[in-house]
Ligand code: SAH
């Protein structure tokens, strides 16, 4: 027998309610999504993370028509427990060699669990990458800290980020007082930021849907460029858009592991390269994905 709601007959109301509740509440019932390129540093001072340590859930952020509802219905709470876990994470980052106090302060302030599905609430402050929508990842906190430290950020620096993803890295840069221009090629990830709870707190971030290989010529030049996906080569247009003496921090390589490279653009337009540790990122892919 069907159900009658406001004069409309719903023969499958139960099914309809289940689909809606799946969208919003029961991420663990969704099928696991394979995410083989977790960001995990392969440096000697890092604990290697094996793939079975990753939760077998994907981030069930719904498609655009439901996104507003999703953010509206989700309860965002930064409890004493979260704050305590965050402080522990900051201590771990210090022990792993992160010394930039302004950066550690920013990471201590920004609630990382807001960027993940609530299913990850208990593990959000472990130093690990986690899946977000579209098979992508939120970077491991150590990776965020490592790349940001290499940028040597100054107040009001104009930064170009390639690979917005969850938006966490962009918000850390903004919290440190930078003006951030961030590009994402996945439409769904880009759309998520429209109603994200922290968006209004950071008017110094501009979000773009586009191909990071192209950069943002209209807003160039940038003091610094940070690429948060693995680039098979150094994108020439991003060098063009960098100021003289500016840095670009970019993981370069086509395999599972890439080298973290810092590029300085010299006065004559040539570049100087410094080579740092091994990391593992999702690939930087050309073109936009709708
Ligand atoms: N900075 C992110 C990490 C995201 S993972 C965070 O803090 O969560 C890398 C992101 O780069 C993914 O979202 C992926 O879709 C995006 N990406 C890959 N290739 C890209 C390209 N050519 N242009 C823009 N974004 C790209």
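The values are calculated or read from the model by the stated rules, or taken from the named source; none is laboratory data. Small disclaimer: the values here were computed from a predicted structure and weren't measured. A quick note on method: Cβ atoms are made from the backbone with ideal geometry, for glycine too, and the neighbour counts reach across all protein chains shown.
Miscellaneous remarks
- Residue 189 being closer than 23 Å to residue 143 by Cα, buried (at least 20 other Cβ atoms within 10 Å of the Cβ) and within 14 Å of the ligand (Cβ to nearest atom): yes
- Where helices (runs of 4 or more DSSP H) fall wholly inside segment 67-152, the ranges with 1 or more residues that are touching a residue at least 60 places away in the same chain (Cβ under 8 Å) are 101-109, 141-151.
- Residue selected from segment 171-180 under the condition touching a strand residue (DSSP E or B) at 6+ places or on another chain (Cβ under 6 Å) and part of a helix (DSSP H, G or I), by the criterion nearest to the ligand (Cβ to nearest atom): 173
- Within segment 255-271, one or more residues are more than 23 Å from residue 209 (Cα to Cα), modelled with pLDDT under 95, surrounded by fewer than 17 Cβ atoms within 10 Å (Cβ to Cβ) and within 16 Å of the ligand (Cβ to nearest atom).
- Where residue 237 falls short, out of the listed (1) more than 8 Å from the ligand (Cβ to nearest atom); (2) buried (at least 23 other Cβ atoms within 10 Å of the Cβ); (3) at negative phi: (2)
- Once segment 137-170 is narrowed to residues that are on the phi > 0 side of the Ramachandran plot and more than 6 Å from the ligand (Cβ to nearest atom), the residue that is surrounded by the fewest Cβ atoms within 10 Å (Cβ to Cβ) is 156.
- With respect to the conditions (1) farther than 17 Å from residue 202 by Cα; (2) modelled with pLDDT of 90 or more; (3) surrounded by fewer than 19 Cβ atoms within 10 Å (Cβ to Cβ), residue 109 falls short on a single one, namely (1).
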